[in-house]
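The values are calculated or read from the model by the stated rules, or taken from the named source; none is laboratory data. These numbers were taken from a predicted model, which means no experiment stands behind them. Don't worry about glycine lacking a Cβ; one is built from the backbone with ideal geometry, like all the others, and counts go over all protein chains shown. When the accessible area is computed, the model is the full protein with side chains, heavy atoms only, and any ligands, DNA or RNA have been set aside. Shrake-Rupley method; radii C 1.70, N 1.55, O 1.52, S 1.80 Å.
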Amino acid sequence: MTREPLRVVFLDRDGVINHDSPDYIRRWSDVRFIPGSLSAVRMLNDAGFAVIVVTNQSAVHRGLISPVELDRIHRNMKRAAAAAGGCITDVFFCPHLPEEGCDCRKPRPGLIRRARNKYPIDLEKSYMVGDRTTDIECARRAGCGGAVLVSAGNTAAFPGVDEGPHPDMTVVNLPEAARWIIRNASRK
Ligand SMILES: [Mg+2]
Ligand SMILES: [Zn+2]
């Protein structure tokens with residue numbers, strides 16, 4: 001039996017699902033969901049997309065958060081999405097520092113490659129939503145069909161918009177990104 005390949009919307013975490021913090025997200029009580037982000041997960045699921053989170057978490061190798069606590073955050077986040085009627089299928093994170101030169105820290109495409117090794121994903125019909133141009137570059141390098149930049153929770157990232165690869169669309173938050181993706185996918 002062959003499995004139908006998944007259409008996935010890859011989500012950056014900090015600045016997309018929850019507000020980012022200059023002090024890093026170190027524990028579950030630091031997580032503040034951006035309004036509408038969890039119902040946007042459900043909206044994407046209802047339109048036939050699986051949702052997978054891909055996130056740089058150098059706080060792990062900086063010693064600011066333990067892998068156990070990071071896992072707790074992600075389990076609670078999945079539970080919160082489920083309580084809103086949606087599903088976060090999986091979370092892939094990069095624990096490395098920039099200077100470690102790993103293959104998974106965005107803008108490198110390693111996290112999306114790992115997701116594709118685990119699940120049958122149709123990358124051309126998949127999208128990425130992020131709040132930094134490194135997310136957009138990651139999507140391009142991995143071969144995603146589309147990439148959307150959001151400004152919610154991290155307006156400081158926006159001066160970088162003119163640098164690096166251009167997104168297919170720029171919107172204010174994840175609900176807007178979800179609506180655009182659903183419209184865009186229906187036209188393809
Ligand atoms: Mg981010
Ligand atoms: Zn890494």
(Q) Can you go through R132, R114, R105 and tell me which one is of a type in the set (K, R), closer than 23 Å to P5 by Cβ and out of contact with any Leu (no Cβ under 7 Å at 6 or more places or on another chain)? (A) R114
(Q) Out of everything in segment 84-109 that is charged (D, E, K, R) and under 17 Å from R132 (Cα atoms), what residue ends up being farthest from ligand 1 (Cβ to nearest atom)? (A) R108
Q) For Q57, all conditions in the list (1) free of Cβ contacts under 8 Å to residues at least 60 places away in the same chain; (2) open to solvent by 20 Å² or more (accessible area, probe 1.4 Å); (3) touching a strand residue (DSSP E or B) at 6+ places or on another chain (Cβ under 8 Å) hold save one; what is the number of the exception? A) (2)
Q | Residue that is farthest from ligand 1 (Cβ to nearest atom) [pool: residues in segment 121-134 that are open to solvent by 40 Å² or more (accessible area, probe 1.4 Å) and in a loop (DSSP other than H, G, I, E, B)] | A | D122
(Q) Name the single residue that is modelled with the lowest pLDDT among those in segment 5-25 being open to solvent by 20 Å² or more (accessible area, probe 1.4 Å) and away from ligand 1 (no atom under 16 Å from the Cβ). (A) P5
Q) Among the strands (runs of 3 or more DSSP E) confined wholly to segment 1-113, which include 2 or more residues that are within 16 Å of ligand 2 (Cβ to nearest atom) and of a type outside the set (S, T, Y)? A) 50-56, 88-94
Q) What do you reckon, is E137 within 16 Å of ligand 2 (Cβ to nearest atom), of a type outside the set (A, V, I, L, M, F, W, C) and open to solvent by 50 Å² or more (accessible area, probe 1.4 Å)? A) yes
Q.
Exactly one condition in (1) modelled with pLDDT of 95 or more; (2) more than 16 Å from ligand 1 (Cβ to nearest atom); (3) not hydrophobic (A, V, I, L, M, F, W, C) is false for T2; which is it?
A. (1)
